[in-house]
């Protein structure tokens with residue numbers, strides 16, 4: 001079975017609904033996955049915009065997601081207190097948690113990559129609020145598989 005990521009809120013390559021953006025409620029969408037490698041002991045989710053004018057912009061960093069989960073519920077990224085040992089890192093907005101699509105007006109449609117990585121370790125050993133670069137460094141040598149989906153949003 002292939003390692004896949006989906007959202008009931010939008011399909012891969014389709015538009016991300018406005019309620020998940022800075023133009024509305026800025027809610028994190030529900031994210032679901034299936035087919036993780038058998039030896040998976042945790043997951044990391046990174047959401048980023050590779051089309052940002054200043055380079056790739058990080059919108060959400062979630063790590064130490066337990067292997068028995070197969071989804072992140074909608075709105076989870078908007079909560080400061082997440083249970084089960086799941087941690088959130090700092091985004092390029094300068095805060096923890098989810099920051100929805102918010103491309104500069106008139107800059108066209110941007111791609112938002114939701115990248116889910118399965119790891120062979122139960123946690124990264126990082127405190128809550130790590131930066132994406134710290135998460136990526138801690139993941140090195142522990143990746144079992146990666147899957148992604150892309151949403152689009154423009155203003």
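Out of curiosity, is residue 99 in contact (Cβ under 8 Å) with a residue 24 or more places away in the chain, buried (at least 18 other Cβ atoms within 10 Å of the Cβ) and either in contact with a helix residue (DSSP H, G or I) (Cβ under 6 Å, 6 or more places away or on another chain) or part of a loop (DSSP other than H, G, I, E, B) (or both)? Considered against the rule, which asks whether it is in contact (Cβ under 8 Å) with a residue 24 or more places away in the chain, buried (at least 18 other Cβ atoms within 10 Å of the Cβ) and either in contact with a helix residue (DSSP H, G or I) (Cβ under 6 Å, 6 or more places away or on another chain) or part of a loop (DSSP other than H, G, I, E, B) (or both), residue 99 comes out as yes. Within region 42-52, is even one residue more than 26 Å from residue 127 (Cβ to Cβ) and more than 14 Å from the chain's Cα centre (by Cα)? There is at least one residue in region 42-52 that is more than 26 Å from residue 127 (Cβ to Cβ) and more than 14 Å from the chain's Cα centre (by Cα).
Per-residue answers, yes or no, for (1) surrounded by 15 or more Cβ atoms within 10 Å (Cβ to Cβ); (2) touching a residue at least 12 places away in the same chain (Cβ under 8 Å); (3) closer than 23 Å to residue 40 by Cα:
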{"position": "105", "(1), (2), (3)": "no, yes, no"}
{"position": "109", "(1), (2), (3)": "no, yes, no"}
{"position": "112", "(1), (2), (3)": "yes, yes, no"}
{"position": "119", "(1), (2), (3)": "yes, yes, yes"}
{"position": "125", "(1), (2), (3)": "no, yes, yes"}
{"position": "132", "(1), (2), (3)": "yes, yes, yes"}
{"position": "135", "(1), (2), (3)": "yes, yes, yes"}
{"position": "142", "(1), (2), (3)": "yes, yes, yes"}
{"position": "147", "(1), (2), (3)": "yes, yes, yes"}
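Checking each residue in region 30-58 for being touching a residue at least 60 places away in the same chain (Cβ under 8 Å) and either under 22 Å from residue 94 (Cα atoms) or out of contact with any strand residue (DSSP E or B) (no Cβ under 8 Å at 6 or more places or on another chain) (or both) picks out 44, 45, 46, 47, 48, 49, 50, 51, 58. Every listed requirement among (1) touching a strand residue (DSSP E or B) at 6+ places or on another chain (Cβ under 9 Å); (2) in a loop (DSSP other than H, G, I, E, B); (3) farther than 24 Å from residue 144 by Cβ; (4) in contact (Cβ under 8 Å) with a residue 40 or more places away in the chain is met by residue 93 save one, (4). Looking across region 67-81 at every residue that is part of a loop (DSSP other than H, G, I, E, B) and within 24 Å of residue 143 (Cα to Cα), the one that is farthest from the chain's Cα centre (by Cα) is identified as 68. Right, residue 61: in contact (Cβ under 8 Å) with a residue 60 or more places away in the chain, in contact with a helix residue (DSSP H, G or I) (Cβ under 7 Å, 6 or more places away or on another chain) and surrounded by 17 or more Cβ atoms within 10 Å (Cβ to Cβ) or not? Criteria met by residue 61.
Taken together, the values in this text are just the output of simple stated rules run on the coordinates, not laboratory data. Note that the structure is predicted; figures quoted are calculated from it, not measured. For neighbour counting, all protein chains shown are included, and Cβ atoms are generated from backbone atoms with ideal geometry for every residue, glycine included.
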